Amino acid sequence: MKLLSVNVSEPRSVFHNDKVIQTSIFKEPVSGRVMMREMNIDGDAQADLRNHGGVHKAAYAYPIENYEFWKNELGRDDFTYGQFGENLTVEGMTEDNAHVGDVFRIGGAVAQVSQPRNPCYKLGIKMGAAEFVRTFLESCRLGIYLRVLEEGEIGAGDAIERIKEDPEGMTVREIARLRNIDTKNLERAKKALHIEALAPELKQEFRHRLEKAGVPID
């Protein structure tokens, strides 16, 4: 596994639906090495701190393998690193082989998978197509949110090494499907609650789902 690009952005103003909004989705690759910190990557900032950023969304990784899928799906060849608003464009670290709770060494930093992304309307702005948000969500090719366990320098070309695999073995894609598509699978939702590293917002969501169905929670 490999880090192909580190992408950052400060908030910028864009015109959307007859009003000006702030967004940091227009990520640009950086040269050299930067610090990956507990709350974000140096040079990066979130415009909407209610829905983005924080300890459990300190960095967002998106696999290059998905770039190829979207190029074919959308008939586009204009993608550049940071296209999907990711901080880390990665190779070999996909939603199918990364489990929520897995720990990875990325350059000089250590990070843990906390949850899949759920996109907001700003991804539609970035892609120039509002309907893409729904297409993206349904694909479950959502990318990987990370919490930073050890701060350190990272840069393009760094190796990504899995140093711990979560014992529950639930992939990022499975959690994404469970959250958005396979919502009646209460058995797997119950299993997901056993993932110690699962972000609190998702634990709360799954717990509420089980309580509503009258399913006892261990």
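The values are calculated or read from the model by the stated rules, or taken from the named source; none is laboratory data. Predicted, not measured: the structure shown is a model, and the values here were computed from it. Here the Cβ positions follow ideal geometry from the backbone for every residue, glycine too, while neighbour counts run over all protein chains shown.
Can you list the strands (runs of 3 or more DSSP E) found entirely within segment 59-121 that contain at least 2 residues being on the phi > 0 side of the Ramachandran plot? No strands (runs of 3 or more DSSP E) qualify here. The residues of segment 20-29 include none that are modelled with pLDDT under 85 and surrounded by fewer than 16 Cβ atoms within 10 Å (Cβ to Cβ).
Arg188: in a helix (DSSP H, G or I) and in contact with a strand residue (DSSP E or B) (Cβ under 8 Å, 6 or more places away or on another chain), yes or no? In short, no. Report yes if some residue within segment 93-103 is polar (S, T, N, Q), modelled with pLDDT of 95 or more, surrounded by 21 or more Cβ atoms within 10 Å (Cβ to Cβ) and in contact with a Phe, Trp or Tyr (Cβ under 9 Å, 6 or more places away or on another chain); otherwise report no. No: zero hits.
Annotation: Asn87 fulfils all but one of (1) crowded, with 21+ Cβ neighbours inside 10 Å; (2) closer than 17 Å to Met127 by Cβ; the unmet one is (2). Taking the conditions (1) touching a residue at least 12 places away in the same chain (Cβ under 8 Å); (2) in contact with a helix residue (DSSP H, G or I) (Cβ under 7 Å, 6 or more places away or on another chain) in turn, Glu138 satisfies each one other than (2).
When Ala45 is tested against (1) farther than 17 Å from Gly157 by Cβ; (2) in a strand (DSSP E or B), exactly one condition is not met: (2).
Report, by residue number, each residue of segment 160-177 that is in a helix (DSSP H, G or I) and either touching a strand residue (DSSP E or B) at 6+ places or on another chain (Cβ under 7 Å) or acidic (Asp, Glu) (or both).
If the condition is that a residue be in a helix (DSSP H, G or I) and either touching a strand residue (DSSP E or B) at 6+ places or on another chain (Cβ under 7 Å) or acidic (Asp, Glu) (or both), then Val172, Glu174, Ile175, Ala176 are the ones that fit.
Screening Arg162 against (1) of a type in the set (D, E, K, R); (2) surrounded by 19 or more Cβ atoms within 10 Å (Cβ to Cβ); (3) in contact (Cβ under 8 Å) with a residue 24 or more places away in the chain leaves a single unmet condition, (2). Of everything in segment 93-117, what is touching a helix residue (DSSP H, G or I) at 6+ places or on another chain (Cβ under 7 Å) and β-branched (Val, Ile, Thr)? Give them in sequence order. Those that are touching a helix residue (DSSP H, G or I) at 6+ places or on another chain (Cβ under 7 Å) and β-branched (Val, Ile, Thr): Thr94, Val100, Val113. State whether the residues of segment 46-59 include one that is farther than 24 Å from Leu202 by Cα and at pLDDT 95 or above. No: zero hits.
Somewhere in segment 30-37, is a residue farther than 18 Å from Gly157 by Cβ and either touching a Ser or Thr at 6+ places or on another chain (Cβ under 8 Å) or without any contact (Cβ under 8 Å) to a residue 60 or more places away in the chain (or both)? No, because not a single residue in segment 30-37 is farther than 18 Å from Gly157 by Cβ and either touching a Ser or Thr at 6+ places or on another chain (Cβ under 8 Å) or without any contact (Cβ under 8 Å) to a residue 60 or more places away in the chain (or both).
Among the residues of segment 1-22, the one identified as in contact with a Gly (Cβ under 9 Å, 6 or more places away or on another chain), of a type in the set (Ser, Thr, Tyr) and part of a strand (DSSP E or B) is Ser5. Go through segment 126-150 and report how many residues are at negative phi, touching a strand residue (DSSP E or B) at 6+ places or on another chain (Cβ under 6 Å) and surrounded by 15 or more Cβ atoms within 10 Å (Cβ to Cβ). Here the count works out to 7.
State whether one or more residues within segment 109-118 are farther than 19 Å from Ala45 by Cβ and modelled with pLDDT under 95. Within segment 109-118 (the criterion being farther than 19 Å from Ala45 by Cβ and modelled with pLDDT under 95), the answer is yes, since at least one residue qualifies.
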